[in-house]
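**Student:** Shown below is the structure under consideration.
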Amino acid sequence: MTILDKDEIRSRHQVWTNPWHFLGFGFGSGLAKFAPGTFGTLAAIPLYLLLVQLPWLAYALITIIAFFIGIKICQITSDDLKVHDFSGIVWDEFVGFWITMFLIPLDWKWVLIGFILFRFFDIVKPWPIRYLDKHVEGGFGIMIDDVLAGIFAWICLYLIVSYW
């Protein structure tokens, strides 16, 4: 059994009692002890399955709104935890994954490939993602690297789908 320190216990309690933290931690998925970004991306899939049922314009608008609200969500959560881009903050993974899957046909293989591509770009952080991750602060900084990872993953996935 893993023993949690006071800060972890406080963080876990806040996730369930503070609506900003609940969203920031991806409905609790960011509490995973290892690979919280991966678990956050997994938690984004059920919401993607709802989003993909909408007309493309509604999907795009919801994703854009989720990005702008995500700036606030991530800012408040990181400020309260006193840690910039705490690994458990995974709302940015939700938005990044939804960007990855935009206009991609609904099929389990595309969801799997999109998941892998997004996690790849989010973990490896090729230029300019790594630069932005290191140099842009606040909620916008937390969100922007995952948005770019989502765009890079979307370009690759779109090309794969187009030429498969």
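**Student:** Return yes when residue 157 is free of Cβ contacts under 8 Å to residues at least 24 places away in the same chain and touching a helix residue (DSSP H, G or I) at 6+ places or on another chain (Cβ under 6 Å) and no when it is not. Before the answer, list the steps.
**Tutor:** Numbers: free of Cβ contacts under 8 Å to residues at least 24 places away in the same chain: no; touching a helix residue (DSSP H, G or I) at 6+ places or on another chain (Cβ under 6 Å): yes.
No; evaluated as a whole, the condition is false for this residue.
**Student:** Which members of region 25-66 meet the condition of being among the small types (Gly, Ala, Ser) and in contact (Cβ under 8 Å) with a residue 60 or more places away in the chain?
**Tutor:** 26, 29, 30, 37
**Student:** Something else now. Looking at region 81-120 only, could you name the residues that are more than 16 Å from the chain's Cα centre (by Cα) and not in a helix (DSSP H, G or I)?
**Tutor:** Answer for region 81-120, where residues must be more than 16 Å from the chain's Cα centre (by Cα) and not in a helix (DSSP H, G or I): 82, 83, 103, 104, 105, 106, 107.
**Student:** Also: Can you confirm whether residue 107 is among the acidic types (Asp, Glu) and closer than 23 Å to residue 54 by Cβ? Spell out how you get there, then give the answer.
**Tutor:** Details: among the acidic types (Asp, Glu): yes; closer than 23 Å to residue 54 by Cβ: yes.
When the stated conditions are applied, residue 107 passes them.
**Student:** Of all residues being within 15 Å of residue 38 (Cα to Cα) and surrounded by fewer than 15 Cβ atoms within 10 Å (Cβ to Cβ) in region 121-164, which is nearest to the chain's Cα centre (by Cα)? Just the residue, please.
**Tutor:** 123
Since every read-out is calculated from the coordinates, none of them should be taken as a lab result. A quick note: this is a predicted structure, and the numbers were derived from the prediction, not measured. Ideal geometry is used to build each Cβ from the backbone, glycine not excepted, and the neighbour counts take in all protein chains shown.
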